[in-house]
Structure formats: C-alpha cells, structure tokens
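The values are calculated or read from the model by the stated rules, or taken from the named source; none is laboratory data. All values derive from a computational prediction rather than experimental measurement. Glycine gets a Cβ as well: all are built from the backbone with ideal geometry, and neighbour counts include every protein chain shown.
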Amino acid sequence: MPAASDWQARSAWLRAELDRHAHAYYVLDNPSIPDAEYDALFRELQAIEAAHPEIISPESPTQRVGGAPLPQFAQIAHDVPMLSINNGFSEEDIVAFDRRAQEGLHSESAVEYACELKFDGLAINLRYENGVLTQAATRGDGSTGEDVTLNIRTVRSLPLKLHTTTPPALIDIRGEVLMFKADFARLNQRQRDAGQKEFANPRNAAAGSLRQLDSRITAQRSLRFFAYGIGKLDGAAMPATHAALLDWYGKLGIPVCAERTVSQGAPGLLDFYASIAAKRIDLPYEIDGVVYKVNQFDQQRILGFVSRAPRFALAHKFPAEEAITVVQDITVQVGRTGAITPVARLAPVSVGGVTVTNATLHNEDEVRRKDIRVGDTVIVRRAGDVIPEVVANVPERRPADAQEFLMPAHCPVCGSSIVRLEEEAIARCSGGWIKCAAQRKGGLLHFVSRRAMDIEGLGEQLVEQLVDRHVITTPADFYKLGLTALSELERMAQKSAQNVLDALEKSKSTTLARFIYALGIRHVGESTAKELARHFGSLDALMEANEEQILAVNDIGPVVAHSLLGFLGDPLNRELIAQLRAAGLHWQESEPGHKPQAFAGKTFVLTGTLPKLKREEATEMIEAAGGKVAGSVSKKTSYVVAGEDAGSKLVKAQELGVTILDEAGLLNLLESQA
Ligand code: IVH
C-alpha cells in the first residue's frame, strides 16, 4: 500500500481499491469492507484529486456523477438493431419452439440452450471502446435510442473500464437496467417522505430514473444492470456460445446474473422454468419469465430471424398477474379508426403493483362470450405493459340486478350512428375523421407520437384543446400553428409554445417510413411502413403503385393492400399528403428496393482456408453487402478473415491491430448488420 505522502501512487491504488470493493459489493454480492471504510477511501481520493486536478480521468470512481442537467437526450442509431423476442406461455409453446429449432437445424440430437431470466427492466446498449465505457443508449424503437451515457455512468455495478489488459477495440454489450426490490421500496419511502409521487413498480422506477436529464438524480436511484447479449464487436473473437459470452462478460467485470444454466431439449427448458418459478418470489429483483436461447452462435445464425424476432430465442412468460374486483360500469371508447371498445370501469384494485380502474373488454362479442355485466365481480389481468383486461366473471358473486351491456346505437362523442359490418368483430362510429372529434384526436395523436412524427410537447391535453377549439382538423394544420394560437391555450407559457413550434419544425426532417406510418393508414403499422419505404424508395412511387405492385412487397397481403389503396385513392388523403409536403416535410428518397449497405466503405482481406466457405463465396457475400475484398493487409484494412494455415497476412494484421475474424465472426457480422 503506497504511503499517503506519495500521492500519485496513492491515488492509483485508491482507485483500484475502490473499484475492487464496488465490484465485490454490487456484482459478487460479497462486500469486502464496511461502508464507512469505503467512504473514507473515497473521500481520500476526492481530496487528492481536488489538490491535483490534472490526474482526474473519466474512469475515476469519483467521476461517476455528472454536473449540470442536460437540455435533452441525443438520439443514437444502433449499429446492430435491438430486436425483441417472441413469447411462449404454455408447455405446448415450449415444446413447439424446441421442435422448430431442432427441425430448423436438421439435428438428430436434442438442441442445447442457454437458459436465463427475463428481467423486468429496460433494454440498454453499453459501448466500450478500448475497454472504456464511452456510450450507453436505450433501446428506443430498436433502430434508434436515447443517449443516457451520463446516467449509466452512475450505475455503480458497471465498470467504467473493463477488467482486462486486452480489451476489444469496440464492444456493444446489451442487457437490462433494473431496480432491485429493496432499492425500489427505499425510493418510494423517500418519495412519500418528500410528498412526491410514488412509482408503481420497480420497472417504472428504473425507467423514470434512467430517463432523468439530471444525472445527479439518477445517481441517488441505485440502478442495476445484467448483461444478456451483444451487438457490434470489433477486435476480438466472438465466443462460440451464448453461455461462453456471458462467462466472458463476467471476467470483464460486467454483471451477469448467476441464475442461468445450459440445458438440452424441451424437458431441460421446462425444468429450468419450474426451478425459477419456485425461486421467483425470493429473488431480489422482479422477473416476468425466463428466456431460452439456442446456445451455439453458429446454430443461432442458421435459425435466423422472422420479422422482428429471432427464431433461436423464446421468452417463457410467467402467468400474468391477476386480481379480483367489481365492474361499476361499462362504457365505450372511440379509437382513431372509429373502433368502439367497451371498457369496464372497475373499483380500484392493485394488480402486480399497479392500481387498475379500467380494463378493456375488446369488443361486443367478447363481452357476451365472457358474459360480463355491470355489478359483476371479475378477474382482471395485467400482463407486463399491456392494457389490463377482464378475464372472466365470478358467477357465484353476481348480484340479482346485474346489468347487461348494450352496444349504444350512437357514438358518445359525435352522435353519428355506430355500425358493425357483418364480417367484422368491431363496431365503428360512422362519423369519420371529419365529424368525430374522438377519431380526429386519436389520429392526430398518432401522427405526433414518438414512433411517427415524434413531435415532443404535443401531448393528449394539448391536442384535445386544439381539436375542441377547432384550431386543428388535419395533421397539416399543425404546421400552420403560430405562437399566438398556441399561447392562448390553457397551461401554455410562451416558452412551451415556442418549444412546440421548434419540435414541429424539427419534425419536418423525417424519414419516408415514419411519414407513411404517421398517416395512420389502417393495417399499416411501423414495420409495414418500413417495408413500403424500402421497397418503393419514394412517396411518388408508392402513390402510383397498383395492387399488383403493392402485393409484391414483403409481408403485405390483400387486406393491407386494400386498405392502402383505399387510403391513397381518396382525394382528401392525397390533398393532405400534398399539404404536408408543401409545409416542408421532407426525407431522403432512395432507389426502390435499396438496402442499406452494411459493409460500404469496408475493406476485407481473406487468408487461410475457411472451414465451410470457399474463397469465392466469402468474397461474393462481402461484396453483396457493399464491402471490398483486397489482396494485402494495410492500415486501411477493416477486417482480416483468417482460416486454417493463415500466414503472413494474419501476422501483419496482428501487428497493425486490424480486427481479425474467423468464418463464424464474418457470418455473424453479416447477419447482425443485415
Ligand atoms: S434477449 C434478440 N434476454 O425483453 C433478443 N431480452 O422482448 C433480444 N429482456 O427488449 C433480447 N431479459 O428488454 C433478452 N435475458 C434476456 C432478457 C431480455 C429481459 C427484455 C429486453 C428486451 C425484451 C425482449
């Protein structure tokens, strides 16, 4: 231990000690010194750094908490998209998942899986460059998230520097940010004491804490992290299995949960599920299920993805949380497409930590099928984030005067008649966008929503006022708003009005996919909008497309095509589109069918014999993704793909510090950037 007089050596020693104790406390769950001693060491380091500010570096344990709050979060585009995962609920679902995997792999023997927990928090991407934490981003919409680096730096269980002397040039570590149950209880106690709003559950508390613009607040919130995946990796070989990846993370000082195992086939998965279900209540954090992933990465690559989710992974969810309460009334809600949804108004009840007062009954047939009446005692269910629903009534508790639900004949908002087409389950208000304020509000809110035009500050209350005062009828009217009109609204200071105008201005620069999605065309969700944008490349090409051309788009069937053609054929909608373009909405158009070139600008050198791919095949794959294949290694080489008996090129690559991949690494890179 260096003497206190040798301040340079002493500060280096203090940093190492503090990191070691924090890791023991937060990650190994095995505190190595009393809190008071830790605090004393911490204060000593702070004092040295105050006297010699030139030695302060961002990795010092004293530098976790930032200074002034941010004005807003910056957007970060993920190099590799952050996907979601399919859910299974029953034993049959799991058996079917395993069977699909085994068939997909043409395997005779049982498939090997990595089993882990499904943490109930928020997905995050942590970027370490040359071992140093440089960036952290939320999942966002999967393609783009928010920069929460300053907040993530306050998470004490996360190393600011990886525990290795040979870190990868770049690694994107993925996992979940969450709050432990005990920290959540303490936080809510503090909120109560301070007369502030309590958080409904640890997940909301974690989300609220992570999305703080002031990292000094986040620092007081005890967030945790568990790793479960990887994005981009440069400058290190990818481990062969998911289990090995997590082991590697553990060695790098990244928290990985100990509750994980490798098992074989569906029986192994179900055993893991049962063992975790039995432990769930005693775990210090909340989980909503377990996750199974095919363990071998080369097998994961074979299985690939369907739509937005991998075929190689499944979340096995615990049964949704349920509670019993009384239906006080059944009213209807009018959605943006005019859909009338019956809603049960409930005596307030806590379901999984959240107070529920409304639950959806979906549609008229559902109300009949479940035979739900006003006065009934019912079971309500809330599964994670989804809208609470009424599951069933409790027949023996039905009062004699229970009232049956009748679908009203007229829209409660605009008075137009409610119609239900024969083949449809949904009854709709016939007033349409022009007559029915509820539909207008819904459509306008959709237009400004985060995944559509993303106009911050235009929330429900504001849109409501704007519609009620007849200031706004169509989305194009948003772009005609002025400072005076906005400032006249309730609870609208000049400054917030200006913010809204700024947000509107900013939203004009958008993408074709967002624009298509924002139009709120029935059956055209986010991923369909992306497909359409990619396929047609320009709005004009889409607007001129006929049915046959639309049906040629990936994943688009007759129902979507019909709805799209109906929308685009309507002169009012064409006029709306023209007005929005005239207002200045613009985006980058591209060649039809253009795929972003993942390897554009990247140069590869192949050396040695690859296990499966011929030289020509590998070259073709790289070139198809926009990359170049060169004959010799230089500083400009992006990657060297080395097989067996690789010679001088490999040595040269090592000397120059060029990223070296094996065949699996190349395939992984291609797959992950596809
Ligand atoms: S893997 C390509 N593993 O669940 C697979 N996700 O629906 C990407 N989550 O956004 C996800 N625990 O927030 C994975 N052990 C786990 C997880 C997990 C929780 C969350 C995560 C993700 C969502 C997927």
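Could you please find all residues in the stretch 519-538 being under 20 Å from His446 (Cα atoms) and part of a helix (DSSP H, G or I)?
Of everything in the stretch 519-538, those that are under 20 Å from His446 (Cα atoms) and part of a helix (DSSP H, G or I) turn out to be Glu526, Ser527, Thr528, Ala529, Lys530, Glu531, Leu532, Ala533.
Under the condition of being buried (at least 17 other Cβ atoms within 10 Å of the Cβ) and closer than 20 Å to Val65 by Cβ, which residue from the stretch 181-204 is nearest to the ligand (Cβ to nearest atom)?
Out of the qualifying residues, it is Asp183.
Could you list all residues from the stretch 251-260 that are away from the ligand (no atom under 15 Å from the Cβ) and on the phi < 0 side of the Ramachandran plot?
Selection gives Lys251, Leu252.
Table: residues versus (1) within 26 Å of Ser563 (Cα to Cα); (2) surrounded by 18 or more Cβ atoms within 10 Å (Cβ to Cβ); (3) out of contact with any Pro (no Cβ under 6 Å at 6 or more places or on another chain).
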site: Ser350; (1), (2), (3): no, no, yes
site: Asn358; (1), (2), (3): no, no, yes
site: Arg369; (1), (2), (3): no, no, yes
site: Arg397; (1), (2), (3): no, no, yes
site: Ala402; (1), (2), (3): no, no, yes
site: Leu406; (1), (2), (3): no, no, yes
site: Cys411; (1), (2), (3): yes, yes, yes
site: Val419; (1), (2), (3): yes, no, yes
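Checking Gln300 against (1) part of a helix (DSSP H, G or I); (2) within 15 Å of the ligand (Cβ to nearest atom); (3) modelled with pLDDT under 95; (4) of a type outside the set (Lys, Arg), which test does it fail?
Gln300 satisfies all of (1) part of a helix (DSSP H, G or I); (2) within 15 Å of the ligand (Cβ to nearest atom); (3) modelled with pLDDT under 95; (4) of a type outside the set (Lys, Arg) except (3).
Quickly run through the stretch 127-154 and pick out the residues that are within 16 Å of the ligand (Cβ to nearest atom) and either touching a residue at least 60 places away in the same chain (Cβ under 8 Å) or outside any strand (DSSP E or B) (or both).
Listed by number, the residues that qualify are Ala137, Thr138, Arg139, Gly140, Asp141, Gly142, Ser143, Thr144, Gly145, Glu146, Val148, Ile152.
Hey, among the residues in the stretch 5-36 that are of a type in the set (Asp, Glu) and buried (at least 17 other Cβ atoms within 10 Å of the Cβ), which one's nearest to Glu259 (Cα to Cα)?
Asp19
Those residues that are charged (D, E, K, R), under 27 Å from Gln135 (Cβ atoms) and outside any loop (DSSP other than H, G, I, E, B), I need them from the stretch 18-64; list them, please.
Within the stretch 18-64, Asp19, Arg20, Glu49, Glu54 meet the criteria.
Please go through the stretch 598-614 and give me each residue that is at pLDDT 85 or above and farther than 15 Å from Ile660 by Cα, ordered by number.
Pro611, Lys612, Leu613, Lys614, listed by residue number.
From the residues in the stretch 539-558 that are assigned to a loop (DSSP other than H, G, I, E, B) and hydrophobic (A, V, I, L, M, F, W, C), which one is farthest from Trp433 (Cα to Cα)?
So, considering only residues that are assigned to a loop (DSSP other than H, G, I, E, B) and hydrophobic (A, V, I, L, M, F, W, C), the one farthest from Trp433 (Cα to Cα) is Ala552.
Checking Leu489 against (1) closer than 24 Å to Thr337 by Cα; (2) among the hydrophobic types (A, V, I, L, M, F, W, C); (3) touching a helix residue (DSSP H, G or I) at 6+ places or on another chain (Cβ under 7 Å), which single condition isn't satisfied?
(1)
Could you look through the stretch 165-200, keep only residues that are part of a loop (DSSP other than H, G, I, E, B) and touching a helix residue (DSSP H, G or I) at 6+ places or on another chain (Cβ under 6 Å), and pick out the one that is modelled with the highest pLDDT?
Taking the candidates together, the pick is Phe199.
Can you confirm whether Phe312 is over 13 Å from Phe405 (Cβ atoms), within 16 Å of the ligand (Cβ to nearest atom) and at pLDDT below 95?
Answer is no for this residue.
Looking only at the stretch 315-330, how many residues end up being more than 16 Å from the ligand (Cβ to nearest atom), crowded, with 16+ Cβ neighbours inside 10 Å and not acidic (Asp, Glu)?
Total satisfying the criteria: 5.
On the basis of being over 20 Å from Ala136 (Cα atoms) and not in a loop (DSSP other than H, G, I, E, B), does Arg203 make the cut?
no
Go through the residues of the stretch 79-92 one by one and say whether even a single one is assigned to a helix (DSSP H, G or I), under 30 Å from Ala266 (Cα atoms) and not small (Gly, Ala, Ser).
yes
Among residues belonging to the stretch 112-126 that are part of a strand (DSSP E or B) and not aliphatic (A, V, I, L, M), point out the one that is farthest from the ligand (Cβ to nearest atom).
Glu112
Give the stretch 231-269 a look and list any residue that's in contact (Cβ under 8 Å) with a residue 12 or more places away in the chain and in a helix (DSSP H, G or I), or say none.
Scanning the stretch 231-269 gives His242, Ala243, Leu245, Leu246, Tyr249, Lys251, Leu252, Gly265, Ala266, Gly268, Leu269.
From Ala278, Ala219, Ala207, which residue is farther than 22 Å from Tyr25 by Cα and more than 16 Å from the ligand (Cβ to nearest atom)?
Ala278
Condition test on Ser275, is it over 30 Å from Pro167 (Cβ atoms) and assigned to a strand (DSSP E or B)?
no
Looking only at the stretch 615-624, count every residue that is at pLDDT 75 or above and either among the aliphatic types (A, V, I, L, M) or surrounded by 19 or more Cβ atoms within 10 Å (Cβ to Cβ) (or both) and tell me the total.
Qualifying residue count for the region: 3.
What number goes with the only condition from (1) at pLDDT below 95; (2) touching a Gly at 6+ places or on another chain (Cβ under 7 Å); (3) assigned to a strand (DSSP E or B) that Ala323 does not pass?
(2)
Out of Ala400, Ala409, Ala425, which single residue is over 24 Å from Leu576 (Cα atoms), touching an Asp or Glu at 6+ places or on another chain (Cβ under 8 Å) and among the small types (Gly, Ala, Ser)?
Ala425
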